[in-house]
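Participant: First the structure, then my questions, so here it is.
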Amino acid sequence: MAIFVTGGAGFIGSQFVRDWVRLYPSQTIINFDRLTYAGNPDNLASVERHPAYRMVRGDICEPEEVLAALPENCDAVVHFAAESHVDRSIASAAEFVRTNVLGTQVLLDAARARRVRRFLHISTDEVGGSMDEGQFFREDSPLNPSSPYAASKTAAEHLVRAAAHTFGLDAVITRTSNNYGPFQFPEKLLPLAITRALANEPIPVYGDGLQVRDWIHVADNCHALMAVLERGTAGETHHIGGNQPLRNLDVLKLLLRLLGKPETLLTTVTDRLGHDRRYAVDCSKTKRELGWTPRIPFEQGLAETVDWYRENSAWIERIRTGAYRSATSRI
């Protein structure tokens, strides 16, 4: 088996690559990544010399680059590559449209040209928009994106479904809730809060902090992604979540208790424009059809994540100074 992973130097992608190499050490895996600000080669230091692993630096929006790297009759494309930070999409949506929409279409065209056997598209629970209390986002629920980021991911999903319907491409889609764990770029809520708390710096809290998110450890997510890749039915969508919906403010207070830091570090800031109030995914289909279930309770996973950031201050420092970008010279 040979698989082609886009965005494998990012947070979730690198977890998937490390897990794949560990579980399938004889199977070729190609990591195709442009290495933008969130693509960190340090995330893959443990596998970069593995004989089955190959890193190719390239842009999913450039057809020639994709076709040059994607092998004929590849078993699967696993498409992580995306602009994903909502705040950045509010500041400017252009790069989100380019990468998430155009880039996905370029990959779909290349997958057909190279006769790829399966296309796994990684999407997000944010395409469903905000859920009312007691409401859950199912695979067949209407899509109602609220942010430019979510809108770009919704458009990408539609292109994947169109390729499956029109051309018969074997495609599967996953929508995942909030991931957390080691190696997450420190602009997202938890790594930002952890790194700031460790430095005794103020932690920003949007508005009243009562936004609800469902949290899943990145290792549990990647376990589900492999199940979908290997056993999911062509043309289907699967939801992946931790069944652990929590208010942001409660998550931050738990984090501070784990770190032994005062709640006075929490600092209210102006709420994000169009901030969705509640996300909640129904994962019963994935559990029922694929026999998957999350294995890491949130409090345990958060404690382990805090320990990882404590023990990897050099990784944090390389991001803070920008030194991690020098690792791209090895590629």
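Participant: Those residues that are under 12 Å from N100 (Cβ atoms) and in contact with a Lys or Arg (Cβ under 9 Å, 6 or more places away or on another chain), I need them from the stretch 154-169; list them, please.
Facilitator: Within the stretch 154-169, E157 is the sole residue that qualifies.
Participant: Take the stretch 50-80 and flag every residue that is among the β-branched types (V, I, T), within 16 Å of R117 (Cα to Cα) and in contact with a Phe, Trp or Tyr (Cβ under 6 Å, 6 or more places away or on another chain).
Facilitator: Within the stretch 50-80, V77 is the sole residue that qualifies.
Participant: Give me the residue from the stretch 73-85 that is surrounded by fewer than 18 Cβ atoms within 10 Å (Cβ to Cβ) and modelled with pLDDT under 95 and, out of that set, nearest to the chain's Cα centre (by Cα).
Facilitator: Of everything passing the filter in the stretch 73-85, H85 is nearest to the chain's Cα centre (by Cα).
To keep it simple, each residue is scored yes or no on (1) without any contact (Cβ under 8 Å) to a residue 60 or more places away in the chain; (2) in a loop (DSSP other than H, G, I, E, B); (3) polar (S, T, N, Q); (4) under 17 Å from R247 (Cβ atoms).
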residue: R257; (1), (2), (3), (4): yes, no, no, yes
residue: K261; (1), (2), (3), (4): no, yes, no, no
residue: T264; (1), (2), (3), (4): yes, no, yes, no
residue: R272; (1), (2), (3), (4): no, yes, no, yes
residue: K285; (1), (2), (3), (4): no, no, no, no
residue: E289; (1), (2), (3), (4): yes, no, no, no
residue: T293; (1), (2), (3), (4): yes, yes, yes, no
residue: E299; (1), (2), (3), (4): yes, no, no, yes
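Participant: Counting just the residues of the stretch 292-324 that are surrounded by 18 or more Cβ atoms within 10 Å (Cβ to Cβ) and out of contact with any Leu (no Cβ under 9 Å at 6 or more places or on another chain), which one comes out nearest to D250 (Cα to Cα)?
Facilitator: Only one residue tops the list, namely G301.
Participant: Here's something else I'd like to know. Condition first: buried (at least 16 other Cβ atoms within 10 Å of the Cβ), within 19 Å of S123 (Cα to Cα) and of a type in the set (D, E). Can you find one or more residues in the stretch 18-29 that meet it?
Facilitator: no
Participant: Restricting the first residue to the stretch 1-21 and requiring it to be among the acidic types (D, E), which pairs with a second residue that is at pLDDT 95 or above meet a Cβ separation below 8 Å and a spacing of at least six or different chains?
Facilitator: D19/A219; D19/C222; D19/H223; D19/M226
Participant: Please determine, by comparing only the residues of the stretch 155-187 that are out of contact with any strand residue (DSSP E or B) (no Cβ under 8 Å at 6 or more places or on another chain) and either under 30 Å from D307 (Cα atoms) or among the hydroxyl-bearing types (S, T, Y) (or both), which one is surrounded by the fewest Cβ atoms within 10 Å (Cβ to Cβ).
Facilitator: Result: T166.
Participant: Taking the stated definitions as given, is F119 part of a loop (DSSP other than H, G, I, E, B), within 26 Å of V77 (Cα to Cα), modelled with pLDDT of 95 or more and of a type in the set (A, V, I, L, M, F, W, C)?
Facilitator: When the stated conditions are applied, F119 does not pass them.
Participant: I would also like to ask the following. Consider V228 against the criteria (1) closer than 16 Å to S123 by Cα; (2) surrounded by fewer than 19 Cβ atoms within 10 Å (Cβ to Cβ): it satisfies all of them except one. Which criterion is unmet?
Facilitator: All conditions pass for V228, except number (2).
Participant: Give me a count of the residues in the stretch 54-101 that are part of a strand (DSSP E or B) and under 25 Å from I316 (Cβ atoms).
Facilitator: Total satisfying the criteria: 2.
The values are calculated or read from the model by the stated rules, or taken from the named source; none is laboratory data. Quantities reported herein were computed from a predicted structural model and do not represent experimental measurements. Ideal geometry is used to build each Cβ from the backbone, glycine not excepted, and the neighbour counts take in all protein chains shown.
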